[in-house]
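Please treat every number below as a calculation from the coordinates, not as lab data. This structure is a prediction, so every number in the text was calculated from the model and none was measured. FYI the Cβ positions are ideal-geometry reconstructions off the backbone, even for glycines, and counts take in every protein chain you see.
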4 protein chains.
Amino acid sequence: MYAPTGVRTSTDFPIPDTMKAWVLGDPGELLLRDKPVPVPKKAEVLVRIDAVAICATDLEIIYHGPPALILGGMPHNKNFTPGHEYMGTVVALGPGVDDYWLNYGDVDKGHRANGFTTDGGFCEYQVNNINTLVAIPDAMSDEEATLVVTAGTAMYGLTELGGLVAGESVVVTGPGPIGLLGVAVAKALGAHPVILTGTRDNRLQIGRELGADHVINVRQDDAVAAVRRLNGSKGVDYVLECSGAPNAVNEAVRMVNRGGKVCLAAFPHEETPVDIAEIVRNNIYVYGIRGEGKSATHRAEAFMTQKRFDATKIHTHTFPLDDLPTAIRYAKDRVEDAIKVVVKARGVSAAHKVAAE
Amino acid sequence: MYAPTGVRTSTDFPIPDTMKAWVLGDPGELLLRDKPVPVPKKAEVLVRIDAVAICATDLEIIYHGPPALILGGMPHNKNFTPGHEYMGTVVALGPGVDDYWLNYGDVDKGHRANGFTTDGGFCEYQVNNINTLVAIPDAMSDEEATLVVTAGTAMYGLTELGGLVAGESVVVTGPGPIGLLGVAVAKALGAHPVILTGTRDNRLQIGRELGADHVINVRQDDAVAAVRRLNGSKGVDYVLECSGAPNAVNEAVRMVNRGGKVCLAAFPHEETPVDIAEIVRNNIYVYGIRGEGKSATHRAEAFMTQKRFDATKIHTHTFPLDDLPTAIRYAKDRVEDAIKVVVKARGVSAAHKVAAE
Amino acid sequence: MYAPTGVRTSTDFPIPDTMKAWVLGDPGELLLRDKPVPVPKKAEVLVRIDAVAICATDLEIIYHGPPALILGGMPHNKNFTPGHEYMGTVVALGPGVDDYWLNYGDVDKGHRANGFTTDGGFCEYQVNNINTLVAIPDAMSDEEATLVVTAGTAMYGLTELGGLVAGESVVVTGPGPIGLLGVAVAKALGAHPVILTGTRDNRLQIGRELGADHVINVRQDDAVAAVRRLNGSKGVDYVLECSGAPNAVNEAVRMVNRGGKVCLAAFPHEETPVDIAEIVRNNIYVYGIRGEGKSATHRAEAFMTQKRFDATKIHTHTFPLDDLPTAIRYAKDRVEDAIKVVVKARGVSAAHKVAAE
Amino acid sequence: MYAPTGVRTSTDFPIPDTMKAWVLGDPGELLLRDKPVPVPKKAEVLVRIDAVAICATDLEIIYHGPPALILGGMPHNKNFTPGHEYMGTVVALGPGVDDYWLNYGDVDKGHRANGFTTDGGFCEYQVNNINTLVAIPDAMSDEEATLVVTAGTAMYGLTELGGLVAGESVVVTGPGPIGLLGVAVAKALGAHPVILTGTRDNRLQIGRELGADHVINVRQDDAVAAVRRLNGSKGVDYVLECSGAPNAVNEAVRMVNRGGKVCLAAFPHEETPVDIAEIVRNNIYVYGIRGEGKSATHRAEAFMTQKRFDATKIHTHTFPLDDLPTAIRYAKDRVEDAIKVVVKARGVSAAHKVAAE
């Protein structure tokens, strides 16, 4: 019976002592294990995980481990539970947390930890500091709630560096999850025009539905030329680069106008040639984004709550938590052109809903 | 007799109708010509040019013309007078300008025009909008006053993006004029440590005199390893890249810590391979700087007036305006290891001193 | 026949040499006079004025003159033409202006000049620097286009100081033109909740239609208590003060949470007691806004073009330019509860539409 | 014997189990008691307190308790240990803290807690999260180290809102500790001129020694008129208000130029009349500062380490910790014109020196 000292639980949500949790085995291998349900400390709560979305970063961690690509130096951790885009129900409160008042701060949280350096969400329960959770209104579905982090990343990229985007022109390169929600967020912020580039017509079509004024299939058109033609021969104000293509940075630099900004939310795995002179001559800022700040996830959630865009358009598949390996395969191999794959635990959250930031 | 309608002149400064002006001939060729003394319009003043420093950009314009490297598309202009780092004496006031109140605004001027798209300072007189001039105290020498733009560029690079530099660690790569004054400005702003990299020991020595806590001769040491060793195995907060070396961006990206900033004030002439993944993973901002803003020149001038550093340490040679071609040759070929070469007109300014921004 | 040297006109828009212009007589008196049609200089265009809205500042200038309340020291100018919220058709181009390329800059323009220190829009033609104009799409009505400045002021107030408003709570005090459009802009930016306070139910109702989640009639409710009750006993993030009531600042300071921001867009005519200690203890920022910056008018226009809100809900009356004194009376005395009163010239703009910023 | 589980101690610094600590009795009463030495948790360290400065806020807490003036609603706490400007030696490390790597973050810490809501420094030992400590170089004296918070507050006030102060004009009103170090910091940042106002000539003289270009004794001169005369009839860019005088805000608003900024670091105890219209008409920002951010304490410490100014000029008296009541009396009643009073414990720190932020 789960009853740690100093933790307040409710009879509405009986909590077991142990839970099912997926853990890393060898690279690419996930094993279902029992783990103790973790205990919230001061300023923390216990979240019953109701849904988790799979992110490209999860795939990196599962297949390559943190060291190679993400965190620079950590060993592959055989007992680690990945998964960071989770949501669920607050079922227990650590010492000092008032259930009527989850006092969400406005702190720059830097790099997210759960699912990266500490256990994440591919399991039944997880603890979070209350500053790393976003409150979700009851009316938002669990699946949609798993997408607030993705929308928050796009929001952060577009508004970092003082971006006040209304009336500005934005190109999003690459119609993956961040790119597609980048289109939606840019549009919600009042950007015009919003141009999406990609190689798959069905994804470009989803981009249109999320608000893209123009789409460019780069298999048929030269992206830089097409952008300049569509924007009245001027460069655009922002490029949100989400493709990771080897030529993407150079093309982005040529798409923006003098003083333009290029936000990198993806990257190629090899060094790629870049025209540094163009960056200097045109006063261009190129910034990599990881982590999150300036309440971007909260701002994205506010837009979603207000139904400014329908983030669920990028949600293509759902599997039960027990089938995580299948879900991972769909996400990794883009089976049936999967975009965002969600795994659902048994529970459906109905109140005290939160999403991990 | 110079007496345009609406322009106020003073008997203290008799102004001729025509002046000597150097103009572009064929690429690399400068010709001395007569031009009419220009007439200040509304919000403009006439500056008698007393000293001009030669900048790498001037050399580009003289040898390659604006189109190739600087301004993207302008034809080589055969009658154009280059030179933008000039200072002198205000000798006439256009309509609406009050001589007791040069109302310097706090406007972001974007790209400087005189010497780039409009005639510059390799001549005897030039007009400037009052918003493009910085007042210089009487006690500052003419030669030092020509250096405020160079110091202002370094200041802009270091303080753009909200940089509050006191106590932060800074690497300056490349001991050219901007790099050396970058060291001085970083130190004046309270940075610590300030590390300078380069290949010439005599220039690194000047860097030490301007405040570098450490210098690294990259012919003898691996720059990235040396920086990390000097800064307690941590990356630094800022890199001000002034070398234009092909490997400079990649090295800078590896010198900074997570969230670090790389300011590009120089560039290689070819595309160079860049590790984009490192930029994204470490949340690094890379920003090209041209033009100027946030009153950076004025702030640099304030530091120089307060004698926080001795900018004249980078001033190595002076020639009379008539010998501009010799001065150009010294600057271009680094004859006698010239760093900053200044040409002096006959006049010495004693009051109403200004420098072009 | 209007044909100034260096100015390009079109046969589509015949321009007379003289025009009708309202000018200041004694305080409160407006006289219709003939003035020469002004001539655009470099970087300027001639705008045929098609519609002008009346602003509270215009009333101050007309009844009290600039010195007393607005510009601190200028004499009442008997030949001056007020009016700064005008829009119209670009009918002639000054030297250097390309008709296909009105190169709108992103310059912080500081205090607007036309209608304040230089002649304004209560006449048939006016010149503007192209940087002081916002392009208006053909489909927007002339009346609506006169409102972009008012919406821009609200936008500026809400986004100055780095305000990223989505998901933040906003109170607007005072349902005048800026207050009502402040509600609309806050809502478009994603604020939640948006609370409007005022004394007139019909105006509060317009506020509801423009997006207010809650309204408070301060004749019936204590505003501070009601705000705290509506926002779950927390203070709000922003107050946009548009009432000018003597107790408004103190109440605003008590409505915001720690670190909250109070933007003052109106002011009482007398000194009023303020609880400075509350400002310091709670880290509150109080900022007066005049002028405009950060492209706020352009951003507001983008929202209006995208039909995020219907600004015309605050437009209550239209009079012909010849009836300006009647229009002024309606605006000043709030005849028939006038909110925004517009005067229309004969023309209706159909292309090359612009609004003065 | 102090040996809590998971905490690493060193044989160099034997730690007792209990310590002497001053605690609040009735308002104005301090009692010396035994308390257990606190235990550092994760990310915390134990600091042996070597010196503490007394701040006006400490006096408020001791004489009036937190509720009335500082924290809005907390009861007077009879067992509470005040004191927040302390420094000392790191003598034990909580779990997860690496002694060679105190990983100081760059986090905005908001309101400081120790000495406000949690026990402070008028005792022998205290725990701190490592993010709330600033490393102090061995060469800085303990007394000087207690002043970094005061200098940090001045730094924060001057650089909040994007202040890049070099060459800007600053008035500091009130030569108390923050005001005097405000003069020093403004000067170190390159402000010019820096003008100090006050009523006591000896304090104004200290201001001169810390860098004030001009001082104004407001008993002899009209402060607003004197400022405008000294700054060439222009208003200044910043006022740092440290006097708390009833007319201070109104005077500050009249001292700054259009767009000027008034930072409030003190406040009168009564509501005072303010000319709101002047704030709005001149686009003035008035901001209260509490707490700290943007690494301001670290930046101030960097300036002090670099000997940009001698903060110890404001340190007038030292008493042993046992004589705290005498020290408090000197600070409160300004006995012998006390400015900053420091209490010293027995220890003198020699290494692992830190100051509480």
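When the Karplus curve 6.51 cos²θ - 1.76 cosθ + 1.60 is applied with θ = phi - 60°, which whole-Hz ³J(HN,Hα) does each residue of the range C:199-205 get, with x for Gly and Pro?
Each residue of the range C:199-205 in turn: 10, 10, 5, 5, 6, 4, 5 Hz.
Arrange the peptides B:323-329, A:157-163 so that the one whose residues have, on average, the most other Cβ atoms within 10 Å appears first.
On the way: B:323-329: 18.4, A:157-163: 20.4.
Result, highest mean Cβ count within 10 Å first: A:157-163, B:323-329.
Mind listing the label-point distances from C:T326 to the same position on all other copies, shortest first, one decimal in nm, points 7 Å along Cα→Cβ?
7.6, 8.1, 8.7
From Cα pairs below 8 angstrom and at least 6 apart in sequence, can you work out the relative contact order of chain C, rounded to a whole percent? Mind dumping the intermediate values first?
Values: 809 pairs, mean separation 72.8, N = 357.
After rounding, I find 20 percent.
Helix-only mean residue ellipticity at 222 nm, the protein assembly as shown, DSSP H runs n ≥ 4 weighted -39,500 (n - 2.57), per residue, nearest 500. What is it? If you can, show how the numbers build up before the last one.
Working: 40 runs with 360 residues, N = 1428.
After summing the helix terms and dividing by residue count, I get -7000 deg cm²/dmol.
Residue by residue through the range C:41-58, which ³J(HN,Hα) values in whole Hz follow from phi under the Karplus form 6.51 cos²θ - 1.76 cosθ + 1.60 (θ = phi - 60°), with glycine and proline marked x?
Along the range C:41-58, the couplings run 9, 3, 6, 10, 10, 9, 10, 7, 7, 10, 7, 9, 9, 9, 10, 4, 5, 4 Hz.
For a quick check: with amide H placed at 1.01 Å from N, whose amide H comes under 5 Å from B:G120's, ignoring anything fewer than 5 positions away on the same chain?
Here the answer is B:T81, B:G115, since their amide H atoms fall under 5 Å of that of B:G120.
Quick one: net charge of C:D337's neighbours, Cβ under 10 Å, K/R +1, D/E -1?
+2
As I understand it, the value is the acute angle between the Cα axis of helix C:148-159 and the longest principal axis of the Cα atoms of chain C; what does it come to in degrees, rounded to 10?
Roughly 40 degrees between the two axes.
With springs only between Cα atoms under 10 Å apart, run a GNM on chain B and tell me which of B:V274, B:V343, B:V185 wobbles the most.
Ranking B:V274, B:V343, B:V185 by mean-square fluctuation puts B:V274 first.
For the range A:241-286 and the range B:271-322, compute the distance between their C-alpha centroids and round to whole Å.
Here the answer is 22 Å between Cα centres.
Could you work out the local net charge near C:H214, counting Lys and Arg as +1, Asp and Glu as -1, over the other residues with Cβ closer than 13 Å to its Cβ?
Values: positive: C:K187, C:R208, C:R228, C:R229; negative: C:D213, C:D221.
Result for the neighbourhood of C:H214: +2.
Report, in degrees rounded to the nearest 10, the 0 to 90 angle that the Cα long axis of helix D:324-333 makes with the longest principal axis of chain D.
10 degrees
Mind checking which aspartates and glutamates have their C-alpha under 16 Å from C:K78, skipping anything on the same chain fewer than 8 residues away?
Partners found: C:D26, C:E29, C:D34, C:D58, C:E60, C:D119.
Given the rotation relating D and B, tell me which residue in D puts its Cβ closest to the axis and the distance in Å.
Closest to the rotation axis on chain D: D:G162, 3.
Would you pull out the residues with amide H under 5 Å of C:V256's amide H, same chain only if 5 or more places away, H placed 1.01 Å from N?
Long-range HN contacts for C:V256: C:V236.
How far, in nm to one decimal, is B:D34 from itself in the other copies if the label point is set 7 angstrom along Cα toward Cβ? Shortest first, please.
Its label point is 4.8, 10.2, 10.3 nm from the equivalent points in the other copies.
Taking beta carbons within 10 Å but only from partner chains, what does the mean come to for residues D:159-167?
Details: counts 3, 2, 4, 6, 1, 12, 2, 16, 11.
Other-chain Cβ atoms within 10 Å of each residue's Cβ, averaged: 6.
Would you mind counting up the charge near C:L32? Only other residues with Cβ under 12 Å from its Cβ, with Lys and Arg at +1 and Asp and Glu at -1. Write down the numbers at each step before the final one.
Values: positive: C:K20, C:R33, C:K35; negative: C:E29, C:D34, C:E124, C:D322, C:D323.
Around C:L32, the surrounding residues sum to -2.
When DSSP assigns beta bridges and you keep just the ones with both residues in the protein assembly as shown, what percent turn out antiparallel, to the nearest 5? Let's see the in-between values first.
Details: 148 of 256 bridges.
Within the protein assembly as shown, antiparallel bridges account for around 60 percent of the total.
Going 7 Å from Cα along the Cα-Cβ axis for the label, what nanometre distances separate A:D17 from the same residue across the other copies?
3.3, 10.3, 10.6
For A:V239, what residues show an amide H to amide H distance below 5 Å, using hydrogens built from the backbone and excluding near sequence neighbours?
Those lying under 5 Å, H to H, from A:V239 are A:V171, A:K261, A:V262, A:C263.
So what J values fall out for the range B:215-228 if you push phi through Karplus, 6.51 cos²θ - 1.76 cosθ + 1.60 with θ = phi - 60°, rounded to Hz, Gly and Pro as x?
My calculation for the range B:215-228 gives 10, 10, 8, 6, 6, 10, 10, 6, 5, 4, 5, 5, 4, 5 Hz in order.
What size of dipole, in debye to the nearest 20, comes out for chain C about its Cα centre when the only charges are +1 on Lys and Arg C-beta atoms and -1 on Asp and Glu C-beta atoms? If you can, show how the numbers build up before the last one.
On the way: 35 positive and 43 negative charges, 103 e Å.
Charge dipole of chain C: 500 debye, to the nearest 20.
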